[in-house]
1. Which ³J(HN,Hα) values in Hz, rounded to whole numbers, follow from the phi angles of the range 58-66 under the Karplus curve 6.51 cos²θ - 1.76 cosθ + 1.60, where θ = phi - 60° and Gly and Pro get x?
2. Once you place label points 7 Å from the Cα toward the Cβ at A225 and F147, how far apart are they in nm?
3. What does the helix-only formula give at 222 nm for the chain: each DSSP H stretch with n ≥ 4 adding -39500 (n - 2.57), the total divided by the residues, and the result rounded to the nearest 500 deg cm²/dmol?
4. Just to be sure I understand, if you calculate volume of the Cα convex hull per residue in Å³ for this structure, which of (1) 129; (2) 260; (3) 118 do you get?
5. Mean-square fluctuation check for the chain, GNM, Cα pairs under 10 Å: which of P87, P157, P12 is largest?
6. Over the chain, what is the relative contact order in percent, taking alpha-carbon pairs closer than 8 angstrom and at least six residues apart?
7. Between R216 and K140, 0.36 nm times their residue separation minus their Cα-Cα distance comes to what?
8. So what's the net charge close to D174: Lys and Arg +1, Asp and Glu -1, counting the other residues with Cβ under 13 Å from its Cβ?
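All of the numbers you see were taken from the coordinates with simple rules; none came from a lab. What you see is a predicted model, and the numbers here were worked out from it, not measured in a lab. Backbone-built Cβ (ideal geometry, glycine too); neighbour counts: all protein chains shown.
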Amino acid sequence: MRRLRDPETGCPWDLKQDFSTIAPYTIEEAYEVADAIERGDLEELKGELGDLLFQVVFHARMAEEAGAFAFDDVVDAIVEKMKRRHPHVFGNARCDDEQALREAWEAEKQRERANKAQHSALDGVARTLPALVRGVKLQKRAAQVGFDWPDAGTCLPKVEEELAELREAMEQGDQKALAHEAGDLLLAVSNLVRLLGLDPEEVLRQANDRFECRFRIMERRLAEAGVDPGSLDLEAWEAAWQKAKAVVVEQGCE
């Protein structure tokens with residue numbers, strides 16, 4: 001990395017990068033690691049982990065050039081953090097079950113936020129997280145201090161309320177209100193899913209997979225029947241969609 005960033009003999013592309021230009025690549029590499037894990041491809045995972053590690057090295061080198069910190073400091077920092085958050089392993093504390101572990105973990109994170117002068121329960125939730133992930137994290141943080149619905153059943157009327165407000169905005173044709181109410185509805189639904197004991201990100205990912213599977217089947221069946229998709233009206237699309245759903249169920253990939 002030092003050679004790539006050398007002002008005299010380095011790579012022109014690497015030399016012109018900074019933290020902000022490299023950040024998107026860092027996020028992309030993390031997703032590619034997750035994709036290799038999901039596919040169960042360990043050989044691919046090895047390569048993707050190397051790509052992700054390279055991103056860490058890249059950022060650390062730029063920080064070293066700025067006189068801020070170096071790669072060794074990054075490693076030392078995470079080692080110290082893990083030791084602080086695992087006193088039952090590296091100290092004398094005892095955690096007899098998983099619930100106690102979670103409580104101790106959160107207590108240590110709260111102490112860390114306090115030391116960083118972070119006073120809100122929501123401090124430290126990164127704005128650059130995917131919106132759905134960030135929304136759930138914000139809701140969980142708020143729940144830790146008691147701002148939460150007792151259960152999914154009591155949250156459901158809130159979803160219905162937000163849906164009604166979205167309908168009203170649609171009737172009024174107010175684009176600003178539409179964006180506002182659509183966002184509120186998405187957040188309320190994600191909160192409901194969380195209270196159901198499900199991971200909103202995971203259930204949406206599964207829904208995406210189902211949609212893709214159904215749509216591809218529908219495309220294939222239309223092509224086999226010699227039907228031009230552009231000729232279909234809403235009713236015909238719905239009929240084709242329902243037939244595709246039936247095929248998906250038969251194939252056991254619902």
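1. Rounded to whole hertz, the list is 4, 4, 5, 5, 5, 5, 5, 4, 7.
2. 5.1
3. Values: 11 runs with 184 residues, N = 254.
For the chain, the value works out to -24000 deg cm²/dmol.
4. (2)
5. In the Gaussian network model the winner is P12.
6. Reported relative contact order: 9 percent.
7. Full extension of this stretch gives 23.7 nm more.
8. Around D174, the surrounding residues sum to -2.
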